[in-house]
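Visitor: Got a structure here, written out as structure tokens. Questions coming.
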Amino acid sequence: QVQLVESGGGLVQAGGSLRLSCAASGSIFSINAMGWYRQAPGKQREMVAVITSSGNTNYAESMKGRFTISNDNAKNTVYLQMNSLNPEDTAVYYCNAGIVVPGPNRFLEVWGQGTLVTVSS
């Protein structure tokens with residue numbers, strides 16, 4: 001069984017910063033990619049940023065220049081540094097990972113439970 005545990009959410013004022021972390025644990029053969037998605041009240045879940053195990057990144061257009069995704073492959077952890085936050089960034093942020101589990105090898109898409117980020121004006 002594989003699980004993702006997120007941390008780092010909270011309340012911040014507009015213009016502030018937060019850093020989210022997500023650690024994968026369990027029976028893991030390899031991780032193809034990890035990423036962050038978010039869902040604001042009344043809206044659909046949207047991609048924020050994704051990073052592959054080799055370090056290739058992809059950002060949603062509105063996050064470019066403000067958010068930075070990074071990873072630590074040795075710790076099976078992905079981070080999201082969020083700067084210049086504004087109230088429109090208020091959402092539940094979910095970690096996502098594409099993981100190969102052993103015995104026999106098979107691919108799983110795993111989601112974290114989400115962490116709330118609230119940006120006050």
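The values are calculated or read from the model by the stated rules, or taken from the named source; none is laboratory data. Source: prediction; values computed, not measured. Note: ideal-geometry Cβ built from the backbone for every residue, glycine included; neighbour counts use all protein chains shown. Note: areas computed on protein heavy atoms with side chains; ligands, DNA, RNA excluded. Shrake-Rupley method; radii C 1.70, N 1.55, O 1.52, S 1.80 Å.
Visitor: Identify, please: which residue in the stretch 68-90 is in contact (Cβ under 8 Å) with a residue 60 or more places away in the chain and closer than 14 Å to ILE51 by Cα and is, among those, least open to solvent (accessible area, probe 1.4 Å)?
Guide: LEU80
Visitor: For the subset of the stretch 1-24 comprising residues that are open to solvent by 50 Å² or more (accessible area, probe 1.4 Å) and part of a strand (DSSP E or B), which member is nearest to LEU80 (Cα to Cα)?
Guide: Among residues in the stretch 1-24 that are open to solvent by 50 Å² or more (accessible area, probe 1.4 Å) and part of a strand (DSSP E or B), the one nearest to LEU80 (Cα to Cα) is ARG19.
Visitor: Quickly run through the stretch 91-115 and pick out the residues that are surrounded by fewer than 20 Cβ atoms within 10 Å (Cβ to Cβ) and farther than 15 Å from VAL5 by Cα.
Guide: Correct list: VAL100, VAL101, PRO102, GLY103, PRO104, ASN105, ARG106, PHE107, LEU108.
Conditions (1) of a type outside the set (Phe, Trp, Tyr); (2) assigned to a strand (DSSP E or B), marked per residue:
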| residue | (1), (2) |
| --- | --- |
| GLY65 | yes, no |
| SER70 | yes, yes |
| ALA74 | yes, no |
| SER84 | yes, no |
| ALA97 | yes, yes |
| PHE107 | no, yes |
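Visitor: Against the conditions (1) surrounded by fewer than 20 Cβ atoms within 10 Å (Cβ to Cβ); (2) among the β-branched types (Val, Ile, Thr); (3) closer than 20 Å to GLY8 by Cα, where does THR52 fall short? Just the number, please.
Guide: (3)
Visitor: Residue check: is GLY65 farther than 26 Å from ASN105 by Cα and free of Cβ contacts under 8 Å to residues at least 24 places away in the same chain?
Guide: Taking the combined requirement at face value, the residue satisfies it.
Visitor: Moving on. With the condition kept exactly as written, say whether any residue in the stretch 56-65 is of a type in the set (S, T, N, Q), more than 23 Å from GLN13 (Cβ to Cβ), at pLDDT 95 or above and more than 13 Å from the chain's Cα centre (by Cα).
Guide: yes
Visitor: From the list TYR59, TYR79, which one is under 15 Å from ARG45 (Cα atoms) and not aliphatic (A, V, I, L, M)?
Guide: The match here is TYR59.
Visitor: Moving on to the next point. Restricting the search to the stretch 25-47, which residues are closer than 13 Å to VAL78 by Cα and buried (at least 17 other Cβ atoms within 10 Å of the Cβ)?
Guide: Selection gives ILE31, ALA33, MET34, GLY35, TRP36, TYR37.
Visitor: Collect the residues in the stretch 34-57 that are part of a strand (DSSP E or B) and over 22 Å from LEU116 (Cα atoms), keeping them in residue-number order.
Guide: THR52, THR57
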